[in-house]
Structure formats: C-alpha cells, structure tokens
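Visitor: Provided herewith is a single structure, encoded as structure tokens, for subsequent inquiry.
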Amino acid sequence: MNMSEPTQFTAQTLRGELSLDVDMRRHTSWRAGGVAKRMYQPADLADLQCFLQRLPLNEPLMAVGLGSNLLVRDGGYRGTVLLMLGALAELRMEGELIYVQAGVPGAKLARFAASNNLCGAEFFVGIPGTMGGMLAMNAGCYGSETWQKVERVQVLTRRGELLERAPQEYDIGYRHVALRDANEEFFVGAWLKLESGDVEVARQDIKALMEKRSASQPLQLPNSGSVFRNPEGMHAAKLIESCGLKGRTIGGAQVSEKHANFIVNIGEATATDIENLINEVQATVLQQTGVELHPEVKIMGEKK
Ligand SMILES: Cc1cc2nc3c(=O)[nH]c(=O)nc-3n(C[C@H](O)[C@H](O)[C@H](O)COP(=O)(O)OP(=O)(O)OC[C@H]3O[C@@H](n4cnc5c(N)ncnc54)[C@H](O)[C@@H]3O)c2cc1C
C-alpha cells in the first residue's frame with residue numbers, strides 16, 4: 001500500500017473511509033490536541049482486516065473509540081488512527097452470551113443487556129467509552145470491571161489475522177490489561193457472560209447510576225474522566241483536593257472544582273495546557289503527601 005496515495009487506494013479496494021490530517025479535537029472528549037496524519041474508519045470487521053493486511057508493517061497505528069481516555073499532543077500523531085466508533089457496531093445475543101463489537105458504546109451495551117433480561121452490565125452506562133476502549137482500559141466503576149464479564153475476546157493482529165483469546169492470556173488489573181506475550185493487536189469484539197435478572201431493576205439501576213454521575217462529575221465541560229488512577233487504598237481526588245489544587249488553572253485547563261481528579265477544558269485548552277497541569281498536580285501531590293500519582297489517561301503523539 002502506498003501511504004502517500006491512500007485515498008486512491010481506498011477508492012479501489014477498501015470500503016471504509018480514509019481521511020488525512022484529522023483534527024483529533026473532534027475525536028477526543030477533552031476537545032483538545034493535535035492532528036492525526038491519517039485516520040481509517042472501516043466499513044466493518046472484514047474491511048478492517050483487509051486494511052491491516054495491506055498496511056506497511058512500520059506504519060504507527062492507534063485504535064480510538066470515543067477518545068474519552070485519550071490526549072493527543074499538539075504536535076499530532078504521525079501514524080494512522082483506526083476509528084472503531086461507528087464502524088464495528090454489531091451487538092447481538094449468541095446463545096446465552098452477548099457478542100459485542102469494539103465500536104459499541106457502553107451505554108448501548110448496558111441497555112441491550114437490560115432489554116434481554118440480563119444484569120451485571122448496568123455499570124457500562126456510566127462509562128462514555130466503546131467496548132474496545134473498555135477492554136483496553138479494563139474500565140469499571142462502582143465495584144464492577146469490564147473483564148469480570150468477558151468470556152473471550154476477538155482480536156485482529158497487526159497483520160490482519162483474526163484470533164479469539166481467553167482472559168487467561170492477559171495480565172488484567174486495575175485499569176490495566178496487557179497480553180502476556182507482547183504483541184500488537186486490537187480488540188474487535190468480545191463475548192460477555194451475564195446473569196439473568198429483572199429488566200425493570202436493571203433499568204432503575206441504570207437511571208440511578210446516571211443521576212449519581214451527573215451529581216458528582218463536571219459533565220458540562222469537556223473532560224476525560226478520572227485523570228489519575230487511585231493509589232492502593234486511597235482516592236486520587238482526595239489527595240489532589242488536600243493539596244489545595246481544586247480550581248488550579250493552566251491556560252484553558254483547570255482542575256475541576258466539582259471533582260478534583262477531573263481536568264476540564266474551560267475554553268481553548270491545548271494538549272500542552274492539559275499535560276502541564278497533569279505534571280504539576282503529580283509533582284505537587286508527591287511533594288506535599290509523598291504519594292506518586294499515575295495517570296490513567298493515555299497520552300500519545302508528539303510535543304509541539
Ligand atoms: C465523564 C467521563 C467519565 C468516565 N468514567 C469512567 C469510569 O467510571 N470508569 C472508567 O474506567 N473510565 C471512565 N472514564 C474513562 C473512559 O471512558 C474509559 O477509559 C473508556 O474505557 C475509554 O473508552 P474509549 O472508547 O473512549 O477509548 P479511547 O479513549 O478512544 O482509547 C483509550 C485507550 O484504549 C485504546 N483502545 C481504544 N480502542 C481500542 C481497541 N479496539 N483495541 C485496542 N485498544 C483500544 C486506545 O488506543 C487508548 O490507548 C470516563 C471518562 C469520562 C469522559
């Protein structure tokens with residue numbers, strides 16, 4: 001594949017959409033950051049497989065779902081973004097399991113499970129990510145985590161090979177997932193195992209979760225959820241607040257007054273503003289409490 005003439009290639013052999021110089025502000029919930037050199041939104045799984053089989057092996061690749069845990073630096077991403085949202089969108093029952101593709105948002109999955117009288121997927125409603133991003137992050141809340149529900153996953157390798165893997169093949173922890181033997185792969189689907197339950201109870205739980213979230217999180221401003229992981233036995237938000245950092249602002253980035261582990265974009269924040277604020281919070285908390293905070297958000301791309 002000639003990456004200098006990708007559009008022509010796409011027109012001839014692929015069914016997805018290839019775009020050049022894509023402003024990643026449109027694809028990240030912080031609404032900040034640089035430009036991705038290329039973005040491919042596949043038509044479906046077979047099309048993504050075809051794209052990967054033809055892509056030069058040295059082309060940097062990054063999967064993106066809803067971009068709700070992602071900061072792309074202002075210098076941009078010099079590679080290809082695989083946009084899963086709106087592309088890998090299949091969601092169906094397969095026997096007693098739910099088959100869900102990587103581009104399906106958590107809220108849609110939670111409602112689908114409830115309407116099939118299955119419970120245990122309610123927490124997905126509060127995570128504004130896709131199945132792929134939730135698998136990659138082992139996203140969770142209120143005591144539940146994504147991988148607790150996974151029977152097996154479907155992945156595409158860098159060379160476009162389609163495989164199924166069991167959870168035992170991964171190192172799975174708090175907001176952490178990695179293959180035991182390192183390999184560049186992307187999640188394209190998963191089979192989830194849930195318990196039978198009462199659809200009405202599940203629907204009420206979903207509603208209650210949504211209300212709880214909007215009461216405690218600054219959802220009216222662009223953000224990326226919790227910026228730092230909670231250190232063992234502690235809350236990152238409490239540590240940040242105890243250091244007097246609520247409201248601390250750099251450029252257009254601000255430590256939220258409502259939830260100290262959120263950084264909000266109060267105007268025209270750049271990725272540099274956000275990253276500088278992350279670094280400052282980290283340094284201040286370390287200096288004042290001796291605790292080292294580790295970012296949960298993924299920071300990609302080049303500095304300007
Ligand atoms: C308001 C708000 C509330 C949030 N609350 C929570 C919460 O309660 N719990 C929680 O865990 N998180 C929470 N988050 C963070 C975020 O929603 C989750 O981490 C989510 O799983 C990210 O999914 P995404 O599709 O947006 O992934 P992206 O942000 O697009 O990507 C995140 C990472 O996953 C990788 N990735 C994405 N798709 C794939 C794929 N198909 N295969 C391989 N890698 C992939 C990306 O390359 C990147 O490294 C919140 C975020 C916001 C904005």
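The values are calculated or read from the model by the stated rules, or taken from the named source; none is laboratory data. Keep in mind the model is a prediction, meaning the values are calculated, not measured. Glycine gets a Cβ as well: all are built from the backbone with ideal geometry, and neighbour counts include every protein chain shown. Surface areas here come from the heavy atoms of the whole protein model, side chains and all, with no ligands, DNA or RNA. Shrake-Rupley method; radii C 1.70, N 1.55, O 1.52, S 1.80 Å.
Visitor: Just to confirm a number: summing +1 for Lys and Arg and -1 for Asp and Glu over residues other than V255 whose beta-carbon lies under 11 angstrom from that of V255, what do you get? If you can, show how the numbers build up before the last one.
Guide: Details: positive: K246, R248, K258; negative: E241, E257, E280.
Net local charge, V255 excluded: 0.
Visitor: Of the candidates Q220, Q49, Q204, which one comes out as most mobile in a Gaussian network treatment of the chain with C-alpha springs shorter than 10 Å?
Guide: Residue with maximal mean-square fluctuation among Q220, Q49, Q204: Q220.
Visitor: With all protein chains present and a 1.4 Å probe, how do H176, H259 order by accessible area, largest first?
Guide: Details: H176 80, H259 45 Å².
The ordering from most to least exposed comes out as H176, H259.
Visitor: Multiply the residue separation of K238 and A215 by 0.36 nm, subtract the distance between their alpha-carbon atoms, and state the gained length in nm to one decimal.
Guide: On the way: separation 23, 0.36 × 23 = 8.28 nm, distance 1.71 nm.
Computed gain between K238 and A215 is 6.6 nm.
Visitor: For Y142, what accessible area in Å² do you get when you roll a 1.4 Å probe over the heavy atoms of the protein chains, rounding to the nearest 10?
Guide: That residue has around 110 Å² of solvent-accessible surface.
Visitor: Tally up the carbon and sulfur contribution to the accessible surface of the chain as a whole percent, 1.4 Å probe, everything protein left in place.
Guide: On the way: 6620 of 13950 Å².
Taking all protein chains in place, the chain shows 47 percent carbon and sulfur surface.
Visitor: Tell me, what is the FRET efficiency for R54 and E280 to the nearest 0.05, using R0 = 51 angstrom and their Cβ-Cβ distance as r? Show your work: numbers first, answer last.
Guide: Details: r = 44 Å, r/R0 = 0.86.
The formula returns an efficiency of 0.70 here.
Visitor: Now a separate question. Using a 1.4 Å probe, what is the accessible area per residue for the chain, in Å²?
Guide: Details: 13950 Å² over 304 residues.
Heavy-atom SASA per residue in the chain reads 46 Å².
Visitor: Under the rule that an exposed site lies in a DSSP loop and has at most 16 other Cβ atoms within 10 Å, name the longest stretch of the chain with no GluC sites (Glu not before Pro) of that kind, not counting the sites themselves.
Guide: Values: sites that count: E90, E96, E161, E184, E232, E257, E268, E292, E302.
With GluC sites (Glu not before Pro) excluded where exposed in loops, the chain gives 1-89 as its longest stretch.
Visitor: With the cut-off at 1.5 for a/c, could you classify the chain from its C-alpha gyration tensor as rounded, prolate or oblate? Walk me through the numbers before you get to the answer.
Guide: On the way: a/c = 1.81, a/b = 1.14, b/c = 1.59.
Judged from the Cα gyration tensor, the chain comes out oblate (a/c at least 1.5, b/c at or above a/b).
Visitor: Moving on. Report the residue, chosen from V81, V281, V291, that carries the largest GNM mean-square fluctuation when the chain is represented by alpha-carbon nodes joined by springs under 10 Å.
Guide: Greatest mean-square fluctuation among the candidates belongs to V291.
Visitor: Which value, in Å² and to the nearest 10, is the accessible area of M24 when all protein chains are kept and the probe is 1.4 Å?
Guide: 0 Å²
Visitor: What is the dipole size for region 8-83, taken about its Cα centre, with +1 at each Lys and Arg Cβ and -1 at each Asp and Glu Cβ, in debye to the nearest 20?
Guide: Working: 9 positive and 7 negative charges, 37 e Å.
Value, rounded to 20: 180 debye.
Visitor: A follow-up question, please. Distance from a point 7 Å along Cα→Cβ of E292 to each backbone N in region 240-255: keep the residues under 19 Å and list them by number.
Guide: 240
Visitor: Which residue, chosen from V281, S226, A237, occupies the Cα position most advanced towards the positive end of the dipole of region 172-298, where the dipole is computed from +1 (Lys, Arg) and -1 (Asp, Glu) charges on Cβ about the Cα centre?
Guide: A237
Visitor: First measure r as the distance between the Cβ atoms of R180 and K108, then evaluate 1/(1 + (r/R0)^6) with R0 = 41 Å and state the FRET efficiency to the nearest 0.05. Don't skip to the end; give the middle numbers.
Guide: Working: r = 31 Å, r/R0 = 0.75.
So the FRET efficiency works out to roughly 0.85.
Visitor: Which of G252, G133, G67 ends up with the largest GNM mean-square fluctuation for the chain, with Cα atoms connected below 10 Å?
Guide: G252
Visitor: Setting aside same-chain residues fewer than 8 positions from K258, which aspartates and glutamates have a Cα under 18 Å from its Cα?
Guide: Partners within reach: E211, E241.
Visitor: Find the centroid of the Cα atoms in region 147-179 and in region 192-219, then give the distance between the two in whole Å.
Guide: Between the Cα centres of region 147-179 and region 192-219 lies a distance of 26 Å.
Visitor: Go through region 294-304 residue by residue and turn each phi into a ³J(HN,Hα) via Karplus (6.51, -1.76, 1.60, θ = phi - 60°); whole Hz please, and just put x for glycine and proline.
Guide: With coefficients 6.51, -1.76 and 1.60, one gets 10, x, 8, 5, 8, 10, 10, x, 9, 6, 7 Hz.
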